[in-house]
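None of the figures in this text is laboratory data; all of them are computed from the coordinates on show. All values reported here derive from a predicted model rather than from experimental measurement. With ideal geometry, Cβ positions are generated from the backbone for all residues, glycine too; neighbour counts draw on all protein chains shown.
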Amino acid sequence: MCARSKGFTLVEIIVLIVVVAAALVGVLLVFQNTARGSADPQVRKQALAIAEAMLDEILLSSYDVRPGTGARTDFDDVDDYIGYTTAGGMRDIEGAAIPGLENYNVTSITVDDTAPLGGVGDAKRISVTVAGPQGFAVTLESWRLQYASP
């Protein structure tokens with residue numbers, strides 16, 4: 001009888017290399033997809049922050065229609081914002097471009113005073129949509145009520 005030598009055969013080594021290579025490709029694909037999507041939450045959070053800021057600006061305006069319209073600096077009531085959009089990036093209230101937000105735009109602002117709000121007569125539903133750089137959109141809605149004077 002001959003003594004059995006220790007070690008691996010050539011076939012076993014080739015099978016091992018194929019299995020390890022397949023596992024490595026799978027792991028690298030997961031890393032690639034994770035790295036590609038890692039900036040998405042920040043981009044969406046920025047679009048959400050822009051929509052929140054725009055909605056806050058509108059909610060701080062008067063419920064009653066007032067005469068000032070035209071440029072955004074003259075917007076003084078909720079209805080002035082109907083149809084307001086931006087192109088070429090976000091702008092401050094005076095129309096100056098905001099650095100770093102060139103790829104974000106307000107695509108739609110609607111104000112609906114016909115939608116009922118649980119028995120509240122004087123209510124306007126406001127919807128703000130902001131588009132981000134990767135083709136997605138964030139929409140926020142809120143209500144502006146007419147408060148009784150003290």
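With both residues required to sit in region 30-150, DSSP beta bridges show an antiparallel share near 95%. Taking 0.36 nm per residue of separation and subtracting the current Cα-Cα distance, fully stretching the chain between residue 141 and residue 10 would add 40.5 nm.
For the pair residue 22 and residue 91, how long in nm is the line joining their label points, each one 7 Å along Cα→Cβ? About 5.9 nm, to one decimal.
Helix 40-59 and the longest principal axis of the Cα set of the chain meet at an angle near 10°.
Centroid-to-centroid, using Cα positions, region 97-114 and region 14-30 are 47 Å apart. Here's the picture: charge each Lys and Arg Cβ at +1 and each Asp and Glu Cβ at -1 in region 41-145, and of 108, 139, 59 the one pushed furthest to the positive end of that dipole is 139. Only helices enter this figure: runs of n ≥ 4 DSSP H residues, each worth -39500 (n - 2.57), summed and divided by the residues of the chain, yield -11500 deg cm²/dmol at 222 nm to the nearest 500.
Anisotropy class assigned to region 41-145 is oblate, per the alpha carbon gyration tensor with a/c at or over the 1.5 cut-off and a/b no larger than b/c. The dipole here belongs to the chain: it is taken about the Cα centre, uses +1 on the Cβ of Lys and Arg and -1 on the Cβ of Asp and Glu, and is about 1340 debye.
The angle separating the long axis of helix 10-37 from the principal Cα axis of greatest extent in the chain is about 10 degrees.
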